[in-house]
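S.K.: I am attaching a structure below and will ask some questions about it afterwards.
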Amino acid sequence: MTEKWAVVTGAGNGIGTVIARSAAKLGYRIAAWDVNAAGVEELAAELGDICVPRQVDVVDEASVEGAVASLPDAPALLVNSAGIVRFGPLLDVSLADWEQALRVNLTGTFLVGRTVARRMATVGGGAIINIASVNGVAAAPNAGAYSASKAGVIRLTEHQAMEWASLGIRVNCVAPGLIDAGMSDAIYADPEVRRLRQARVPLGRLGSSEDIADTVLFLASEKATYITGQVLAVDGGLLKSTLASLPRPKSVDSVGPDDDSLA
Ligand SMILES: NC(=O)c1ccc[n+]([C@@H]2O[C@H](COP(=O)([O-])OP(=O)(O)OC[C@H]3O[C@@H](n4cnc5c(N)ncnc54)[C@H](O)[C@@H]3O)[C@@H](O)[C@H]2O)c1
């Protein structure tokens with residue numbers, strides 16, 4: 001019987017680990033890929049035989065091709081969660097940091113996507129979910145390299161979805177907001193930053209890795225077979241709240257004519 005494989009990149013830490021765990025609970029066999037071998041080995045020790053860990057560098061073509069060739073079946077699901085962040089103002093950011101962010105986040109997503117999609121195409125399709133960020137949608141200071149790479153992931157998703165629809169491959173993108181996990185651990189270790197940031201989220205809390213995993217698995221599921229090429233922000237309303245904090249004149253807080261005109 002063909003097994004249902006899910007490839008999860010960046011499975012060695014943070015959001016990727018939780019996505020892999022959640023997929024395992026749904027019966028997927030997990031190909032847990034990360035440049036950090038210890039991270040995926042730890043996950044495999046936890047999940048047992050259903051998880052096959054592998055050290056994979058998502059920007060190394062030979063590494064990615066070897067990993068895809070090692071899978072006994074074409075994967076039903078690919079989640080591109082591997083990513084890095086490089087902060088710095090655009091006047092100062094080094095070329096090395098700029099290129100590294102673009103390379104891992106955008107080129108890595110392209111390379112793994114292309115290699116896995118070729119294999120999916122041989123069995124009539126599958127689902128791919130690319131992890132972007134709210135930073136790929138809205139600008140913020142000192143995050144230019146990261147934001148540009150994630151904006152690229154969103155546009156790449158749209159092109160993959162268009163080109164691969166006829167192969168039976170659906171491609172969607174999840175844009176996490178302020179997530180209390182992984183690469184943001186250092187940010188939210190400061191209780192004041194935590195308090196101030198969550199106060200700006202309309203739903204009043206930071207997001208969790210489980211919030212992201214649930215959305216990824218919905219997009220991968222039978223409930224989402226008519227969805228492709230979309231970017232879904234999982235951000236507690238953050239991206240839609242740009243105008244919410246603007247001061248408002250009293251007149252726009254009442255509906256219809258004022259009381260005097262009703263008299
Ligand atoms: N945590 C957040 O607040 C947040 C918010 C928005 C988006 N995201 C995105 O979610 C994804 C997961 O982030 P996270 O918070 O879990 O980060 P994380 O740093 O905890 O995990 C990222 C994983 O990717 C791996 N990785 C890095 N470069 C790699 C490479 N070249 N090849 C293979 N693996 C590589 C790392 O070793 C690490 O295990 C990333 O794409 C990130 O940009 C995170």
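S.K.: If only one of Ala186, Ala143, Ala181 is within 15 Å of the ligand (Cβ to nearest atom) and out of contact with any helix residue (DSSP H, G or I) (no Cβ under 8 Å at 6 or more places or on another chain), which one is it?
M.R.: Going through Ala186, Ala143, Ala181 in turn, the sole match is Ala186.
S.K.: Go through (1) touching a strand residue (DSSP E or B) at 6+ places or on another chain (Cβ under 9 Å); (2) surrounded by fewer than 20 Cβ atoms within 10 Å (Cβ to Cβ) and name the single condition Thr107 misses.
M.R.: Against the list (1) touching a strand residue (DSSP E or B) at 6+ places or on another chain (Cβ under 9 Å); (2) surrounded by fewer than 20 Cβ atoms within 10 Å (Cβ to Cβ), Thr107 comes up short only on (1).
S.K.: What number of residues within region 118-145 are within 22 Å of Glu163 (Cβ to Cβ), in a helix (DSSP H, G or I) and under 18 Å from the mean Cα position of the chain (by Cα)?
M.R.: 1
S.K.: Turning to a different aspect of this structure: Being part of a strand (DSSP E or B) and under 27 Å from Ala175 (Cβ atoms) is the filter; apply it to region 33-53 and report the residue that is farthest from the ligand (Cβ to nearest atom).
M.R.: Among them, the one singled out is Cys51.
S.K.: With the condition kept exactly as written, say whether any residue in region 1-11 is of a type in the set (Asp, Glu), under 16 Å from Arg119 (Cα atoms), in contact with a Lys or Arg (Cβ under 8 Å, 6 or more places away or on another chain) and open to solvent by 10 Å² or more (accessible area, probe 1.4 Å).
M.R.: Looking through region 1-11, at least one residue is of a type in the set (Asp, Glu), under 16 Å from Arg119 (Cα atoms), in contact with a Lys or Arg (Cβ under 8 Å, 6 or more places away or on another chain) and open to solvent by 10 Å² or more (accessible area, probe 1.4 Å).
S.K.: Residue under question is Val58, and the condition is that it be aliphatic (A, V, I, L, M), more than 10 Å from the ligand (Cβ to nearest atom), closer than 20 Å to Ala175 by Cα and touching a Leu at 6+ places or on another chain (Cβ under 9 Å); does it hold?
M.R.: No: the conditions fail for Val58.
S.K.: Is there a residue in region 137-144 that is more than 28 Å from Ser221 (Cβ to Cβ), at pLDDT 95 or above and surrounded by 18 or more Cβ atoms within 10 Å (Cβ to Cβ)?
M.R.: Yes, region 137-144 has at least one match.
S.K.: Taking interchain pairs and intrachain pairs at least six residues apart, which have beta carbon atoms under 6 angstrom, with the first residue in region 79-93 and farther than 21 Å from Ile187 by Cα and the second more than 6 Å from the ligand (Cβ to nearest atom)?
M.R.: Every condition considered, the pairs that remain are Val79/Val8; Val79/Ile19; Val79/Ile129; Val79/Val216; Asn80/Thr109; Asn80/Val112; Asn80/Asn130.
S.K.: Show the residue pairs that are 6+ apart or on different chains and have beta-carbon atoms under 7 Å apart, the first residue being within region 191-208 and exposed (fewer than 12 other Cβ atoms within 10 Å of the Cβ), the second being of a type in the set (Lys, Arg).
M.R.: Matching pairs, first to second residue: none at all.
S.K.: Still on this structure: Of all the residues that make up region 1-32, how many are within 14 Å of the ligand (Cβ to nearest atom) and more than 15 Å from the chain's Cα centre (by Cα)?
M.R.: 3
S.K.: Six or more apart or on different chains, Cβ under 6 Å: which pairs go from a residue in region 25-49 that's closer than 18 Å to Val112 by Cβ to one that's open to solvent by 40 Å² or more (accessible area, probe 1.4 Å) and more than 9 Å from the ligand (Cβ to nearest atom)? Could you list them?
M.R.: Close Cβ pairs (under 6 Å, with a partner that is open to solvent by 40 Å² or more (accessible area, probe 1.4 Å) and more than 9 Å from the ligand (Cβ to nearest atom)) amount to Tyr28/Lys4; Arg29/Glu3; Arg29/Ile50; Ala31/Val52; Ala32/Pro53; Trp33/Arg54; Val40/Pro53.
S.K.: Please pick out the residue among Arg205, Arg195, Arg248, Arg155 that is away from the ligand (no atom under 12 Å from the Cβ), in a helix (DSSP H, G or I) and farther than 23 Å from Gly10 by Cβ.
M.R.: Only one candidate qualifies: Arg195.
S.K.: Go through region 43-73 residue by residue and tally those that are small (Gly, Ala, Ser) and either closer than 18 Å to Asn130 by Cβ or surrounded by 14 or more Cβ atoms within 10 Å (Cβ to Cβ) (or both).
M.R.: So the answer is 3.
The values are calculated or read from the model by the stated rules, or taken from the named source; none is laboratory data. Nothing here was measured: the structure is a model prediction, and the numbers come from that model. Positions of Cβ are generated from backbone atoms using ideal geometry, with glycine treated the same way; all protein chains shown enter the neighbour counts. Just the protein is used for accessible areas: all its heavy atoms, side chains included, with ligands, DNA and RNA removed. Shrake-Rupley method; radii C 1.70, N 1.55, O 1.52, S 1.80 Å.
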